[in-house]
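Presented below is the structure to which this report refers.
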Amino acid sequence: MIKIGIFGGSFDPIHRSHIRVIEEALRQLQLDKILVIPTANNPWKDSVGATKKQRLQMLEIALQRYRNVEICRYEIDQDGNDKNYTIDTINHLKTIYPKEQLYFIMGMDQASLFHKWKDAKKISELVSLVVFERIGYQTNKNLNKYNF
């Protein structure tokens, strides 16, 4: 079975910790590829510093050496100011990859808030959730509700 990682965020800018998560996810999960998904309108942030075009350019430069990492433009290419929600993106990806195993990758900062995400339970049913440790964030009791 083909294993695909999903790694989303603002990437404003992409930085070494993002790259480390990508590298470790590829290695530890033995993924066939990772889709890096820059969001246009993050539900947790009111603004970004760089434009969409600038963030895409930064991602292209940072990820060009990885043959099995792709930038997925599904969220960032959406028009308007509507917030991008992970459940919508996962539903979209499931139409493209109906038989592949999808792994949603996040840091502990986002995992600690996962119970507040739109349709968190449904997300946990559609994909395998993978959490990477992040300094300053600890596991909380809300994670037990989901398939981490």
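The lone criterion from (1) surrounded by fewer than 18 Cβ atoms within 10 Å (Cβ to Cβ); (2) in a helix (DSSP H, G or I); (3) in contact (Cβ under 8 Å) with a residue 12 or more places away in the chain left unmet by R27 is number (3).
Within the stretch 30-58, if we keep just the residues that are among the hydrophobic types (A, V, I, L, M, F, W, C) and part of a loop (DSSP other than H, G, I, E, B), the residue that is surrounded by the most Cβ atoms within 10 Å (Cβ to Cβ) turns out to be L31. Annotation note: Cβ proximity below 9 Å between a residue of the stretch 50-72 that is at pLDDT 95 or above and hydroxyl-bearing (S, T, Y) and a residue that is part of a helix (DSSP H, G or I) and surrounded by 12 or more Cβ atoms within 10 Å (Cβ to Cβ) (sequence gap 6+ or interchain) occurs for Y66/I19; Y66/I22; Y66/E23; Y66/L26. Of all residues in the stretch 124-142, none are among the charged types (D, E, K, R), assigned to a loop (DSSP other than H, G, I, E, B) and modelled with pLDDT of 95 or more.
The values are calculated or read from the model by the stated rules, or taken from the named source; none is laboratory data. The structure displayed is predicted, hence computed values, not measured ones. Ideal geometry is used to build each Cβ from the backbone, glycine not excepted, and the neighbour counts take in all protein chains shown.
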